[in-house]
Amino acid sequence: MLINPNTSTATTAMMTAIARRTLRELGATAVRGVTVSRGPGMLTDPAALRAAAPEVLAAGLRAAAGGDCAALLVGAFGDPGLAELRAATGLPVAGLGEAALLEAAAGGRPFGIATTTPLLADAIAERVASLGLADRYTGVRLTAGSPERLSADPALLLDRLERAVRACAERDGARAVVIGGGPLGEAADELRARCAVEVVAPIPAACRALSRLLTA
């Protein structure tokens, strides 16, 4: 089950569709997406991330209690509630941020992050450090414009993210660039074909991590 920590049902549908495509290619079964009942429409600052964690935990506990959920995917780059779900459910759990960062840094590769949320830049750096990846991290590149404005204009969002990805590679020396955000899932897919540097899309990365957990 994919848990969307913001209250946008459209975002849930988009992320679930990407997860279904990826897991189908990996031979997995159906994916169900759920939206938390309370919270902001977008997670754009540390306070929103903190507030999302208990909502994610509650949704995961309900799914685990139903008995028909094999694994959980936290559909936000900040991984709110990820550790709590692992401790409380006993199910395989993956988060977009953790999975994408580990995949980007595999083999000691230098990696950067392109994202739309400047207020989360410090939290992102802390997450990188907590995973032991700081020595490979080339930094974050932020898009110009507010996250809300960009999310309402897919063409502009894609252009601004592409500029950020190219800056990560050409100015910072990244050999892989993570797209930092679950709601950026469709843009991440498009950027993989548009950019010479490897672009790590967080939803497929989390699905691959879940597949490994389920087959271990």
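Points to keep in mind about this one:
- Of the residues making up the stretch 125-150, just one is open to solvent by 70 Å² or more (accessible area, probe 1.4 Å) and small (Gly, Ala, Ser), namely Ser130.
- First in the stretch 96-120 and under 22 Å from Pro46 (Cβ atoms) and of a type in the set (Asp, Glu), second anywhere and outside any helix (DSSP H, G or I) and modelled with pLDDT of 95 or more, Cβ under 8 Å, 6 or more apart: Glu98/Asp79; Glu98/Leu131
- Against the criterion of being in contact with a helix residue (DSSP H, G or I) (Cβ under 9 Å, 6 or more places away or on another chain) and outside any helix (DSSP H, G or I), Gly132 does not qualify.
- Lone unmet requirement of (1) surrounded by 22 or more Cβ atoms within 10 Å (Cβ to Cβ); (2) part of a helix (DSSP H, G or I) for Arg192: (1)
- Thr143 vs. criteria β-branched (Val, Ile, Thr), over 17 Å from Gly97 (Cα atoms) and at pLDDT 95 or above: yes
- Ala17 being open to solvent by less than 50 Å² (accessible area, probe 1.4 Å), assigned to a helix (DSSP H, G or I), free of Cβ contacts under 8 Å to residues at least 12 places away in the same chain and farther than 19 Å from Leu214 by Cβ: yes
- Here Arg38, Arg50 are screened, and the one residue that is among the charged types (D, E, K, R), at pLDDT below 90 and farther than 19 Å from Ile179 by Cα is Arg38.
- Selected residue (criterion: surrounded by the fewest Cβ atoms within 10 Å (Cβ to Cβ)) from residues of the stretch 168-189 that are assigned to a helix (DSSP H, G or I) and free of Cβ contacts under 8 Å to residues at least 40 places away in the same chain: Glu170
- For the stretch 21-33, filtering for residues that are surrounded by fewer than 18 Cβ atoms within 10 Å (Cβ to Cβ) and within 24 Å of Ser151 (Cα to Cα) leaves 2.
The values are calculated or read from the model by the stated rules, or taken from the named source; none is laboratory data. What you see is a predicted model; the values in this text were computed from it and never measured. All Cβ positions, even for glycine, are placed from backbone atoms using ideal geometry, and neighbour counts span all protein chains on display. When the accessible area is computed, the model is the full protein with side chains, heavy atoms only, and any ligands, DNA or RNA have been set aside. Shrake-Rupley method; radii C 1.70, N 1.55, O 1.52, S 1.80 Å.
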